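Here the structure comes first, spelled out in structure tokens, and everything after it is commentary.
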Amino acid sequence: MNPVGQPLHQRPISKRLVLAGLIGLILFVIFQIVPSLTQGGPGSEPAISKSEAREKAVRFAAEQLGYIPEPGDHWIVTYKSDSSFYGYMSRKSLLEDYSKRKLDRRYPFDTFHASLDSQEDKWANLAVDLNMYTGETAGFTRVPAGAGKQANETEAVLTGKDDSEDIVSDASLTPQEKEQLAAPWLNKWGADPSRLERNSSSTGSYGLIYTDSSVKVGEVPLRYAFKFTAGEVSLFKPGFSAPEWHTDYVKSQVSSATRFTLFGYGLPTFALGVLALIYSILRRKHTSFARGLFLSIAHFAIMMISTYNMLPETTGTATVDRITTIVMFIIYTLYSLLMSALLYFSLVGGNGLWRKEEGLNPWPRSKEPGYGRYLMDSVYAGYIWAFVLLGVQTLMFIILQYTLHNWSTTDASQSPYNMRYAWLLPIVAWLAGLSEEAVYRLFGIRMLKKIVRSTLLASLITTLVWAFGHTLYPIYPISSRPIELTVIGLLFSYIFLRYGFIAVMFSHVVFDSLLMGITLIFMREPVNVIAGVITIVIPLLVGYIVYLFNPPGKEIKPQSPDPGPEPGPNPQPEHMV
């Protein structure tokens with residue numbers, strides 16, 4: 001960071017840093033991108049379009065389920081994933097074998113769920129599950145009106161709840177009658193009922209379960225699950241299910257992660273927000289209340305666009321769905337206002353603290369001498385450090401895999417397949433780059449240093465708070481996520497202290513933009529591939545546009561000099577390393 005009142009100069013980018021960035025990018029490609037393309041992971045083949053999935057679902061429902069299309073019928077297509085079973089395979093390193101045996105073709109864990117959102121007088125629930133890559137039918141739900149409880153699509157997508165849980169199987173049928181109803185569907189799937197084991201003890205939520213012990217994934221046998229309503233099959237779900245011990249483990253981990261998020265992240269972040277408001281007022285002579293407005297308004301706009309982008313694809317047209325959508329949108333609006341206010345006061349308060357108490361200029365003004373060149377150098381540094389961070393993250397994944405045996409699973413609620421416009425996904429990268437670096441680095445480090453008297457310790461505390469905010473991600477054991485992000489967060493802190501707020505903001509934005517851009521490219525659709533590529537270069541374009549408005553020679557000095565720091569024995573911040 002530059003001293004207050006001095007011309008701006010960004011720290012030179014050394015050959016050693018460029019080499020580290022190149023190595024980091026190579027590690028990321030080799031260990032994270034290549035396996036996804038060669039081991040049957042996301043991106044190994046293109047998914048069918050939602051319109052194609054809708055057509056196939058309608059055709060199957062009309063030919064096999066007694067559905068008669070009517071004008072005005074509306075089919076909602078959402079992405080669903082059996083995160084429990086996928087997580088079990090990931091945990092036991094069974095994913096590659098599952099793909100090699102072609103089990104993912106017939107019994108996919110990733111599906112497009114097409115459900116009818118009309119004809120309520122005829123259907124309480126009519127849905128078809130399709131392999132999202134081949135378009136083949138992978139199961140169905142069929143409940144006539146008045147014969148069962150209609151599932152709530154919004155809840156199913158956002159919480160991962162299977163809508164089949166709402167269907168109560170008809171207990172009035174005899175075992176023989178159930179077997180007779182199930183036999184035709186087993187035959188259509190190429191299964192011989194006489195060679196299957198009928199699991200009469202697992203009556204639970206299903207009316208009938210057949211298992212095929214000759215086909216196993218780990219300890220889990222292939223099963224064909226049925227439910228019955230009004231004297232016919234109301235649900236058919238072939239495939240595999242994670243063992244109970246695994247699902248119980250995940251539940252306990254999620255419960256712990258919720259506590260970490262609330263007490264380790266939520267409450268400390270709220271406290272930082274209150275302190276940011278206080279110190280914005282106390283240091284108002286050394287900062288500007290106008291500068292943070294644009295970024296805060298932009299942050300709020302991005303959050304609202306992101307919220308809108310998620311809601312339309314997860315709700316139906318029924319009155320209850322519309323009310324749910326409105327209520328959720330209002331809640332997200334209030335949350336977005338709160339987070340944008342937190343960003344604003346962190347920008348104002350953090351800038352004032354560094355200028356007043358350290359004599360340093362962490363967030364230069366656009367008209368300060370040297371700003372244009374300083375900005376572009378910060379963008380370049382941000383890209384190189386983002387490559388370094390990707391390499392460090394890759395190494396952390398490898399280390400944690402061999403020490404804590406960490407593993408991850410899918411999360412349909414965060415998937416771009418459930419967004420109205422998948423290509424808008426990368427705008428979220430700017431949310432993290434703006435808010436997290438402002439709250440936990442620009443304001444948080446200097447605020448905590450007033451208490452602990454150590455830059456390193458202040459950086460560690462704010463990093464831990466930031467890390468605990470990511471424990472609800474589907475990565476287990478949950479302890480692995482804070483460990484990984486503590487290392488990443490300390491590097492972000494180092495970048496901030498050495499290069500300033502603009503550089504660390506761009507490093508964070510580029511880091512997330514690369515990950516999200518590659519996610520779009522893996523979707524294989526032309527519009528998403530183009531958006532993914534553009535996403536990776538947008539931070540550079542944004543930086544260059546700002547540079548064009550602030551070229552060298554057009555800067556002007558502030559009319560009134562900054563008062564600078566109060567006299568003290570140590571105006572410079574202590575080094576982290």
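The values are calculated or read from the model by the stated rules, or taken from the named source; none is laboratory data. Here the structure is a predicted model, which means the values were calculated and not measured. A quick note on method: Cβ atoms are made from the backbone with ideal geometry, for glycine too, and the neighbour counts reach across all protein chains shown.
The selection criterion, being buried (at least 22 other Cβ atoms within 10 Å of the Cβ) and at negative phi, does not hold for Ser366. Would you please list the contacts, defined by Cβ atoms under 7 Å and residues six or more apart or on different chains, that run from a residue in segment 397-408 that is more than 12 Å from Pro477 (Cβ to Cβ) to a residue that is of a type in the set (A, V, I, L, M, F, W, C) and part of a helix (DSSP H, G or I)? As it stands, the answer is Ile398/Phe31, since those pairs meet every condition given.
Report yes if some residue within segment 123-137 is assigned to a helix (DSSP H, G or I), at pLDDT 55 or above and in contact with a Phe, Trp or Tyr (Cβ under 8 Å, 6 or more places away or on another chain); otherwise report no. Scanning segment 123-137 turns up no residue that is assigned to a helix (DSSP H, G or I), at pLDDT 55 or above and in contact with a Phe, Trp or Tyr (Cβ under 8 Å, 6 or more places away or on another chain). Among the residues that make up segment 540-559, is at least one of them more than 19 Å from Ala381 (Cα to Cα), in contact with a Pro (Cβ under 7 Å, 6 or more places away or on another chain) and modelled with pLDDT under 95? There is at least one residue in segment 540-559 that is more than 19 Å from Ala381 (Cα to Cα), in contact with a Pro (Cβ under 7 Å, 6 or more places away or on another chain) and modelled with pLDDT under 95. Quick check on Met376: is it more than 25 Å from the chain's Cα centre (by Cα), over 26 Å from Leu338 (Cα atoms), of a type outside the set (Ser, Thr, Tyr) and assigned to a helix (DSSP H, G or I)? The answer is yes for Met376. Among residues of segment 170-199 that are touching a residue at least 12 places away in the same chain (Cβ under 8 Å) and closer than 20 Å to Ser214 by Cα, those with a Cβ under 8 angstrom from a residue that is among the acidic types (Asp, Glu) and assigned to a loop (DSSP other than H, G, I, E, B), sequence gap 6+ or separate chain, pair up as Leu186/Asp192. Within segment 95-116, one or more residues are small (Gly, Ala, Ser), crowded, with 21+ Cβ neighbours inside 10 Å and within 21 Å of Ala147 (Cα to Cα). Among residues of segment 54-69 that are in contact (Cβ under 8 Å) with a residue 60 or more places away in the chain and within 12 Å of Leu116 (Cβ to Cβ), those with a Cβ under 6 angstrom from a residue that is of a type in the set (Lys, Arg) and not in a loop (DSSP other than H, G, I, E, B), sequence gap 6+ or separate chain, pair up as Leu65/Arg142. Being surrounded by 13 or more Cβ atoms within 10 Å (Cβ to Cβ) and within 28 Å of Ile326 (Cα to Cα) is a property that Thr269 has.
Would you point out the residue of segment 209-258, among those that are among the aromatic types (Phe, Trp, Tyr) and assigned to a helix (DSSP H, G or I), that is surrounded by the fewest Cβ atoms within 10 Å (Cβ to Cβ)?
Let us first name the residues in segment 209-258 that are among the aromatic types (Phe, Trp, Tyr), namely 210, 224, 226, 228, 236, 240, 245, 249.
Still in the list and also assigned to a helix (DSSP H, G or I): 245, 249.
On the way: Trp245: 9, Tyr249: 17.
Across segment 209-258, the extreme among qualifying residues is Trp245.
Look at segment 242-256: where a residue is without any contact (Cβ under 8 Å) to a residue 60 or more places away in the chain, no partner that is loosely packed, with under 14 Cβ neighbours inside 10 Å and of a type in the set (Lys, Arg) sits 6+ places away or on another chain with Cβ atoms under 9 Å.
How about segment 94-122: which of its residues are in a loop (DSSP other than H, G, I, E, B) and closer than 16 Å to Phe240 by Cβ? Let's see the steps before the verdict.
Taking segment 94-122 first, the residues in a loop (DSSP other than H, G, I, E, B) are 94, 101-102, 107-109, 117-122.
The answer is Leu94, Arg101, Lys102, Tyr107, Pro108, Phe109.
Residues of segment 163-179 that are of a type outside the set (Val, Ile, Thr) and either at pLDDT 95 or above or within 38 Å of the chain's Cα centre (by Cα) (or both): Asp163, Ser164, Glu165, Asp166, Ser169. For segment 464-492, which positions are of a type in the set (Phe, Trp, Tyr) and either surrounded by 22 or more Cβ atoms within 10 Å (Cβ to Cβ) or over 14 Å from Asn406 (Cα atoms) (or both)? Answer for segment 464-492, where residues must be of a type in the set (Phe, Trp, Tyr) and either surrounded by 22 or more Cβ atoms within 10 Å (Cβ to Cβ) or over 14 Å from Asn406 (Cα atoms) (or both): Trp466, Phe468, Tyr476, Phe492.
Is at least one residue of segment 471-488 among the basic types (Lys, Arg), more than 23 Å from Ile536 (Cα to Cα) and under 22 Å from the mean Cα position of the chain (by Cα)? Checking segment 471-488: at least one residue is among the basic types (Lys, Arg), more than 23 Å from Ile536 (Cα to Cα) and under 22 Å from the mean Cα position of the chain (by Cα). State all residues of segment 390-411 that are assigned to a helix (DSSP H, G or I) and either β-branched (Val, Ile, Thr) or assigned by TED's automatic domain parsing to the domain that holds Leu130 (or both); if no residue qualifies, say none. Result: Val392, Thr394, Ile398, Ile399, Thr403. (1) without any contact (Cβ under 8 Å) to a residue 12 or more places away in the chain; (2) surrounded by 16 or more Cβ atoms within 10 Å (Cβ to Cβ): which one isn't true of Ile76, the others all being true? For Ile76, the failing item is (1).
Sub-8 Å Cβ pairs linking a first residue in segment 353-373 that is under 14 Å from Phe496 (Cα atoms) to a second residue that is in a helix (DSSP H, G or I) and of a type in the set (A, V, I, L, M), at least 6 apart or interchain, are Trp354/Leu442; Pro362/Leu442; Trp363/Leu347; Trp363/Leu442; Trp363/Ile502; Pro364/Ile502, ordered by first then second residue.
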